[in-house]
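Q: Below is the structure I would like to discuss, written out as structure tokens.
Nothing in this text is a laboratory measurement; each read-out follows from the coordinates by a stated rule. Since we're looking at a predicted model, the values are computed, not measured. With ideal geometry, Cβ positions are generated from the backbone for all residues, glycine too; neighbour counts draw on all protein chains shown.
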Amino acid sequence: MKSRFAPSPTGYLHIGGARTALFAWAWAKKQKGQFVLRIEDTDQKRSTQASVDAILDGMSWLGLSHDEGPFYQTDRFDRYKVVIQQLLDEDKAYYCECSKQRLQILRDELTEKGEKAKYDGCCRNKNLDSGVVRFKNPLEGLVAFEDAVKGKISIANQELDDLIIARSDASPTYNLTVVVDDHDMGIDTVIRGDDHLNNTPRQINLYQALGWSLPEFAHLPMILGADGARLSKRHGAVGVMAYRDEGFLPEALLNYLSRLGWSHGDQEIFSLAQIVKLFELKNINKAPASFNQEKLIWLNQEYMKVANVKHLIKHLAWHLEHQALDTSAGVALELVVKHLQQRSKTLVEMVDGMKMFYQDFNEFDETLAKKQFKDGQPLKLLFEKLSLVDEWVAGNIKDQIKQVCTELEIGFGKIGQPFRLALSGNGNAGNIDIVAQLVGKNKTLARLQMALDYIAKNA
């Protein structure tokens with residue numbers, strides 16, 4: 001059994017494409033078959049190498065490895081030429097010389113009458129030897145097929161026109177190349193977005209004209225934004241690598257994508273292995289799915305909480321380099337990651353939380369400083385006590401904080417909040433005893449002194 005993912009390299013790998021790739025990959029793995037990656041680059045005016053790279057990078061980051069490919073349609077032009085000539089020789093295709101102007105007039109006239117705008121077969125029987133090549137679509141009968149998601153679909157051939165299978169420069173068009181490729185590559189199941197559903201009857205007629213067996217078709221519902229409109233840039237990031245940049249783990253994104261239109265009871269969290277085991281085409285919802293950014297963030301946090309620290313560090317590498325945060329000096333990165341993973345929603349948030357351990361700062365958040373640094377006595381006493389601590393561990397640090405509270409007869413907040421601000425500069429820190437341990441004794445005391453200097457300056 002074989003399935004495939006066949007994107008056009010005219011932009012980034014978008015969320016809808018990534019879900020299609022995931023479903024096609026999962027179905028192949030479930031059937032113990034092969035997953036094929038094909039780059040449909042026949043639109044040479046719009047296809048770019050940058051887009052090819054974006055697709056390959058996205059698939060690699062997601063971990064959806066292909067068993068065959070990547071194949072490029074531009075490497076197969078000789079094969080398409082043979083098939084087009086075969087259709088011409090068998091009188092199943094013909095040349096058409098209709099100008100763009102005539103076709104536009106025809107479309108306008110049909111639209112004005114309230115009829116479907118389609119080619120009228122003007123050149124069908126002219127026996128021309130140049131121009132575009134059109135497929136002779138059957139004039140009668142129905143095209144009927146059972147879609148694995150949509151169910152039974154049928155359309156009258158009268159609703160279809162003679163589609164162009166080769167342009168005037170002899171380059172093949174999508175509907176021809178996809179049929180040839182899926183046949184030649186032995187694709188048993190074609191899983192794709194339902195924006196291709198209108199093409200399927202035309203492609204089925206091509207299969208039958210060539211005497212080829214049909215694959216199974218499964219058309220996935222589109223993904224909508226929270227407002228019910230088709231997902232687009234205005235809803236936020238829609239390119240897969242943009243989610244990498246925003247700090248999401250690939251397994252969290254895959255898990256989320258699997259739930260966009262597919263379900264297994266009420267289960268929300270799936271490993272990739274579980275998706276493969278449980279995935280069934282029949283369980284894909286027919287209705288469009290809604291993308292919910294908040295749910296993705298929640299899911300990502302759940303994955304971060306339980307992730308292996310080394311796995312998080314692997315995915316942190318890009319973010320650390322991107323933000324120019326050097327973690328080679330100071331406390332071990334593993335300890336910082338372990339401390340932050342329970343409270344970080346994304347890898348970007350984790351990197352922001354890491355900065356206090358590896359970067360010094362010269363000022364405090366002014367709004368918080370005015371609120372928290374009113375009384376210097378608690379911090380002064382804490383500074384004195386921490387200076388005498390020999391074994392710099394969280395337990396000993398916590399004991400000194402408690403002693404300050406006891407001696408000054410104050411609640412924890414009176415010392416905890418100012419200390420948190422002194423350590424971080426922005427007040428964003430977790431358990432201050434652990435944070436202080438990770439920051440180290442010298443830097444902790446230096447930051448407390450900076451806080452005391454601020455208090456003295458603004459007294």
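Q: Which residues does the label zone of Asp245 cover in region 334-355, counting backbone N under 16 Å from a point 7 Å along Cα→Cβ?
A: The answer is 347-349, whose backbone nitrogens lie closer than 16 Å to the label point.
Q: On to the next question. For the chain, which span is the longest to avoid every loop-located (per DSSP) member of GluC sites (Glu not before Pro) having at most 10 other Cβ atoms inside 10 Å? Walk me through the numbers before you get to the answer.
A: Details: sites that count: Glu115, Glu140, Glu363, Glu391, Glu409.
No qualifying site falls inside 141-362, the longest such stretch.
Q: Full extension from Lys32 to Met1: what is 0.36 nm times the residue separation minus their Cα-Cα distance, to one decimal in nm?
A: Stretched fully, the Lys32-Met1 segment lengthens by 10.4 nm.
Q: Moving on. Classify region 233-306 from the C-alpha gyration tensor, please: rounded if a/c falls under 1.5, else prolate or oblate depending on whether a/b exceeds b/c.
A: Values: a/c = 2.00, a/b = 1.29, b/c = 1.55.
Taking the square roots of the gyration eigenvalues as a ≥ b ≥ c, region 233-306 is oblate.
Q: Label point 7 Å out from Gln208 along Cα-to-Cβ: which residues of region 157-182 have amide N under 11 Å?
A: 157-158
Q: Using a simple spin-label model with points 7 Å from Cα along the Cα→Cβ vector, what separation in nm is obtained for Leu139 and Gln44?
A: Each label point lies 7 Å from its Cα, and together they span 3.6 nm.
Q: Can you list the trypsin sites (Lys or Arg not before Pro) in region 79-147 that are in a DSSP coil and have 10 or fewer other beta carbons within 10 angstrom?
A: Numbers: sites: Arg79, Lys81, Lys92, Lys100, Arg102, Arg107, Lys113, Lys116, Lys118, Arg124, Lys126, Arg134, Lys136; in loops: Lys92, Lys113, Lys116, Lys118, Arg124, Lys126, Lys136.
Hits after loop and neighbour filter: Lys113.
Q: Lysine pairs in region 233-306 8 or more apart or on different chains: how many have alpha carbons under 23 angstrom apart? Write out the running numbers ahead of the final one.
A: On the way: Lys233/Lys295; Lys277/Lys286; Lys286/Lys295; Lys295/Lys305.
Value for region 233-306: 4.
Q: Report the extension gain between Lys116 and Trp318 in nm, rounded to one decimal, defined as 0.36 nm multiplied by the number of residues separating them, less their alpha carbon distance.
A: Numbers: separation 202, 0.36 × 202 = 72.72 nm, distance 5.14 nm.
Difference between extended and current length: 67.6 nm.
Q: So, one more: (i) 1.14; (ii) 1.17; (iii) 1.65: which one is Rg/Rh (Cα atoms, Kirkwood Rh) as calculated from this entry?
A: Label (ii) holds the value from this structure.
Q: Using alpha carbon centroids, what distance separates region 1-71 and region 82-140, in Å?
A: For region 1-71 versus region 82-140, the Cα centre distance is 32 Å.
Q: 7 Å from Cα along Cα→Cβ at both Leu128 and Ser290: what's the point-to-point distance in nm?
A: Result for the modelled spin labels: 5.0 nm.
Q: Something else now. Could you check the simple spin-label distance between Lys277 and Ser168, using points 7 Å along Cα→Cβ, in nm with one decimal?
A: The answer from the label model is 5.9 nm.
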